[in-house]
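Here is the structure we will look at.
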Amino acid sequence: MSTLLGLCLGLGLLSMVAPLLWPERRRRRTAAQRGPLVTLRDRLARAGLERLPLPAFLALSGLSAVAGFALGSAVSGVTAVALAAGAVGLLAPFLAAGWRARAARRAHRGAWPDVVDHLISAVRSGASLPDAVASLAHAGPAGLRAAFAAFERDYGATGNFSVSVDALKERLADPTADRILEILRMAREVGGSELTAVLRNLSSYLRAESAIRGEAEARQSWVVNAAKLAVAAPWLVLVLLSTRPEAAAAYNSAGGGALIAGGVAVSFVAYRAMMRLARLPEERRWFR
C-alpha cells in the first residue's frame, strides 16, 4: 500500500510540474531549429532584400568591417579606435537591415486593414479565395503589390493554393500576413460561412492596434533619439581628440586601449538595454 501511495504521489507531482517543463522545452527546441540564419533571413525578407543570398550579405558585412577599420586608422591613427570602427562596420549591415525591416513593418501595419477590407469585398462579390488574394496585386496597397503579384504567378503556374500561400508568407515575413493567410487557408480547406465576419473583426482589431502602437511609438521616439545621441556623443569627442598627436599617443598605450575597450563595452550594454526597454512587444509569426 505504501508503494502505491508513493507512486500516486510521484505521478501527482509530475503532473503538477509537467506544464512548466515540457512547453518550455518545446519552445527552446523550436528556437534552436530556427537558428540565427533563419532569423536573419526573415529580417532580410522584411527589409525587401529577400533575393540577397546570405553568403553575399555576410561578405558585405566583412567588407564593411574592413572599410570601417581602414577609415578609423586613417582618421585617428589609434588602433583601439580603428578596431571599434571595424566592429561598427561589421554590424552596420545588420543594423541597416533591421532598420529597414522595422520601417517596412510600420508601413505595412497601416496597410493590413485595407488588405482585409479588400478581401471582404472580393469574397462578398463572389470571387474565389485565390482570385481575391491575386487581385491584391492590382488593387492592394502599393507596398505589398509585388508580393501578391508573385502569388498570382505562383498560383497560375501550380494551381495549388496552399503551396502558393506558403511562398507568399515567406515573402511577406509578417505575423499579420501569417494570420490573414492562415484564416484564408482554413476557410478554403474546411469551408465556413463566417469568413467575412471573422475578417471584419480582424480588420477592426488591426486598426485599433495600429492606432495604439503608433501613439506609443510617437511618445517614446524623442526619448530613444536622445539616448542614441547620448551614446554617440562621447565617441565623436574621442575621434576629434585622437586627431591630435599627443592624444593619439596616449590612446595607443595599454591604458588608453583598456579605457577605449571599457567604453565600448559600457556603450554596447547601455545601447542594448535602452533598445530593449524601449522596444514594444512584437507578435511572433504563425505556423512556422
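Structural remarks
- Distance in nm between pseudo-label sites at M275 and T243 (7 Å out along the Cβ direction from Cα): 2.8 nm
- The stretch 33-128, relative contact order in percent, only Cα pairs under 8 angstrom and at least six apart counted: 29 percent
- Pairwise FRET efficiency - A261 versus N201, Cβ, R0 = 41 Å, nearest 0.05: 0.15
- Relative to the longest principal axis of the Cα atoms of the chain, the long axis of helix 2-46 makes an angle of roughly 70 degrees.
- Computed from point charges on the beta carbon alone (+1 for Lys and Arg, -1 for Asp and Glu), the dipole magnitude for the chain about its Cα centre is near 360 Debye.
- Using alpha-carbon coordinates, inclination of helix 112-124 to the longest axis of the chain, degrees: 20 degrees
- Values of log10 I(q)/I(0) for the stretch 187-274 across q = 0.20 Å⁻¹ run -0.98, by the Debye formula with one identical scatterer at each alpha carbon and no solvent.
- Structural descriptor for the chain: relative contact order 20 percent, calculated from alpha carbon pairs under 8 angstrom and at least 6 residues apart.
- Percentage, to the nearest whole number, of Cα pairs in the chain over 32 Å apart: 48 percent
- Helix 254-278 vs. the chain, principal-axis angle (Cα, 0 to 90°, nearest 10): 20 degrees
- Label-reachable residues, the stretch 243-286, where backbone N falls under 11 Å from a point 7 Å from V75's Cα toward its Cβ: 243
No lab work stands behind these numbers, since they all come straight from the coordinates. Note that this is a predicted model, so its numbers are computed, not measured. When we count neighbours, we look across all protein chains shown, and the Cβ atoms used for this are built from the backbone with ideal geometry, even at glycine.
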